[in-house]
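Down below is the structure, laid out as structure tokens.
The values are calculated or read from the model by the stated rules, or taken from the named source; none is laboratory data. As the structure is a computational prediction, the values presented were derived from the model and not from experiment. A quick note on method: Cβ atoms are made from the backbone with ideal geometry, for glycine too, and the neighbour counts reach across all protein chains shown. Surface areas here come from the heavy atoms of the whole protein model, side chains and all, with no ligands, DNA or RNA. Shrake-Rupley method; radii C 1.70, N 1.55, O 1.52, S 1.80 Å.
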Amino acid sequence: NLFKGRTMIILEAKNDVTKPKIAVVGCLHGNELLGLDVFRAVQARITEFDNLLFIIANVGAYRANKRSLDQDLNRSFPGDVRGNREQRIAAEIYRLVHDADMLIDIHTTTSPGFGLAAISGQLSPIRKRIISAFEAKEVVIMKSDLLKMSLVGNTKEGVSLEYGVTLAEHEDLAASMVDTLLELQKDTGIQKASPFSANIYDVVGGIPRKGHAHLALENFKFSEELGGYPFIVDEKS
């Protein structure tokens, strides 16, 4: 049993550790399962990778089919070895991935009409390369107060990929993502700018649930009433 007696699951390729290290994390939220699909697809092709670390992060929450158990794992970084369950997991993940040359953090959302967006700190050439490789055309720049508690905010070059559930359930997606990871391992050391095209958004605030039921809120569709573009509408926040 892959999950028996485990807090997290770790898969490594060390065929050529002189190559830059790619880290991938799935299931930071236990009820977001795309990362596990990609993990299994990578596992079947692990001999093709040079220097890869893949973590299934929150096994306990996955078993309970919950987003988290004690607190949001993606708001628990850099972690605390003496803290609650998620804080301890965050500390171990941080130890394993903080020095990775690239980090990809896989998420899903049930937000209506959502396709794919990348969530990142300020865009570096390597972050742009990750975003372009996975063909994310919407990019949200995270606020610093959230960034410092998140996984991608505690890594050198991290990007979260947020997939809508309809896209995440596509039968070919996991295999396609493995192909993209293999493509990325060829140029993890890239420093110069490469062609990049995306709509880039800054987070300016939250939309209170109460009192806004009358608004027609669609992801990345401009709302005259709000004066902005709603993002991840009505899911857990």
Worksheet item: How large is log10 I(q)/I(0) at q = 0.07, 0.08 Å⁻¹ when the Debye formula is applied to the Cα atoms of the chain, each weighted equally and without solvent?
Response: -0.22, -0.29
Item to complete: Can you tell me which of 87-94, 196-203 comes out highest on packing, and rank the rest after it, using the mean Cβ neighbours within 10 Å?
Response: 87-94, 196-203
Item to complete: Show that you can apply the helix-only estimate: for the chain, add -39,500 (n - 2.57) for every DSSP H stretch of four or more residues, divide by all residues, and state [θ] at 222 nm to the nearest 500.
Response: -6500 deg cm²/dmol
Discussion item. Full-extension gain between Tyr94 and Arg63, please, as 0.36 nm times their residue separation minus the C-alpha to C-alpha distance.
Written reply: 8.9 nm
Practice prompt. Taking the Cα atoms of the range 47-182, report the difference between the largest and smallest coordinate on each principal axis, in whole Å and largest first.
Written response: 39, 37, 31
Practice prompt. At most 12 other Cβ atoms within 10 Å and a DSSP loop assignment: could you name the GluC sites (Glu not before Pro) in the range 114-207 that fit?
Written response: Glu135, Glu171
Fill in: the range 113-166, Cα convex hull volume normalised per residue, Å³
79 Å³
Worksheet item: Remind me, what semi-axes does the range 1-113 give for its equivalent ellipsoid, largest first in whole Å, using sqrt of 5 times each Cα gyration tensor eigenvalue?
Response: 23, 17, 13
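Local charge sum around His107 (other residues, Cβ-Cβ under 9 Å, Lys/Arg +1, Asp/Glu -1)? Please report the intermediate quantities before stating the final value.
Values: positive: none; negative: Glu32, Asp105, Glu162.
Neighbour charge sum, excluding His107 itself: -3.
Taking the Cα centre of the range 106-177 as origin and charging only Cβ (+1 Lys, Arg; -1 Asp, Glu), how large is the dipole, in debye to the nearest 20?
Working: 7 positive and 8 negative charges, 97 e Å.
Using only the charged Cβ atoms, the result is roughly 460 debye.
Report the full-extension gain for the segment Lys210 to Asp80: residue separation times 0.36 nm, less the Cα-Cα distance, to one decimal in nm. Mind dumping the intermediate values first?
Values: separation 130, 0.36 × 130 = 46.80 nm, distance 3.43 nm.
The Lys210-Asp80 span can extend by a further 43.4 nm.
Over the range 76-215, with the other protein chains present, what is the accessible area per residue in square angstrom, probe 1.4 angstrom? Mind dumping the intermediate values first?
Values: 6940 Å² over 140 residues.
Accessible area per residue: 50 Å².
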Practice prompt. Show me 226-235, 125-134 ranked by packing, highest mean number of other Cβ atoms within 10 Å first.
Written response: 125-134, 226-235
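How many percent of Cα pairs in the range 10-75 exceed 16 Å? Can you show the working numbers first?
Numbers: 1022 of 2145 pairs.
Percentage above 16 Å: 48.
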